[in-house]
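Since every read-out is calculated from the coordinates, none of them should be taken as a lab result. Keep in mind the model is a prediction, meaning the values are calculated, not measured. Cβ sites come from the backbone with ideal geometry, for glycine too, and all protein chains shown count toward neighbours.
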Amino acid sequence: MDFKQAFRQLFLFTFFIVLLTNTLPTTSQEVDDEEEFNYDLDGEKGPAKWGEIHHEWSACSNGSMQSPIDLLNQRVQIVSHLGRLNRSYKPSNATLRNRGHDMMLKWEGDAGRIHINGTDYALKQCHWHSPSEHTINGRRFDLEGHMVHESSEGKVAVVGIMYKIGRPDSFLSSILDRLQEINGTEEKETIAGIIDPRQIKIGSRKYYRYIGSLTVPPCTENVVWTIVRKVRTVTRQQVRLLRVAVHDESDSNARPTQAINGRPVELYRPKDEEDN
Ligand SMILES: [Zn+2]
């Protein structure tokens, strides 16, 4: 093989690898394109139709362990074996992005991790839905934050935090300027600087745990869900700022609750704690 031939083979090989890595589906990734789906309940691109828009989104229609769900008291099993949430976050550079269907804060560097059942899941991004996607005994709250984590093997764990209208949330207050900045312009993305995820308060040791899915296409299943039991507070203005991102007429970016299909839902409560 002469030099020219070797070069040509190397070129073809490289081309093939690039092609391969760019076409493989990244199933744990949430879809970013706002044009592709929306929350219009009766619309062509609404939640009931998500599974028909792309073949890769079929789990949205055919899945048997979809999210969100109603966390109904009678269905929940109170346990203590899950243990306290094992979070070790750290400050890292982040960007704030308007995805059209929501606002997303994405950490570019290592923002730490959460440890669940022997697996480490690195914190990737957080975003917000309003009203809340999960409900508790049928009650929907004003806002739900999702902290999305991913393991080295691509498994996803999401921590959900619910909010009702009341006193301001200190973390949202701290990124207020950035939120206003991105709302006032055509810019889709802005540098948020160093953001400390430890400032996203939970305020309770109790949480629900069940296995579900991403709540946006491709609705990938086997997502480990943790929903903090305590409902926190936000102001109307804070909810409004996060909501500007939603462009469709439904004025909501909450997927309707999905069938439980016999899935167990656990509520972790420390042994030494009887209430709250
Ligand atoms: Zn979400």
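Shape class for region 141-276: prolate, because the ratio a/c of the largest to smallest gyration tensor axis (alpha-carbon atoms, square roots of eigenvalues) is 1.5 or more and a/b beats b/c.
Computed over the Cα atoms of region 57-162, pair by distinct pair, the Kirkwood hydrodynamic radius stands at 15.6 angstrom. Measuring spread by the Cα atoms of region 134-183 yields a radius of gyration and Dmax of 14.4, 39 Å.
Once backbone amide H atoms are built at 1.01 Å from N, K164 has D142, R232, T233, V234 as its partners under 5 Å, excluding neighbours fewer than 5 places away on the same chain. With the simple spin-label model, which puts each label point 7 Å out from Cα in the Cβ direction, the S152 to I78 separation comes to 3.9 nm. Computed from label points 7 Å out along Cα-Cβ, the spacing between E266 and R240 is 4.3 nm. Pairs from the table (K230/K271; K106/K201; K90/K271; K45/K201; K124/K271) lying more than 25 angstrom apart at Cα are K90/K271; K45/K201; K124/K271. Between D251 and D42, the FRET efficiency estimated from the beta carbon spacing at R0 = 22 angstrom works out to 0.95.
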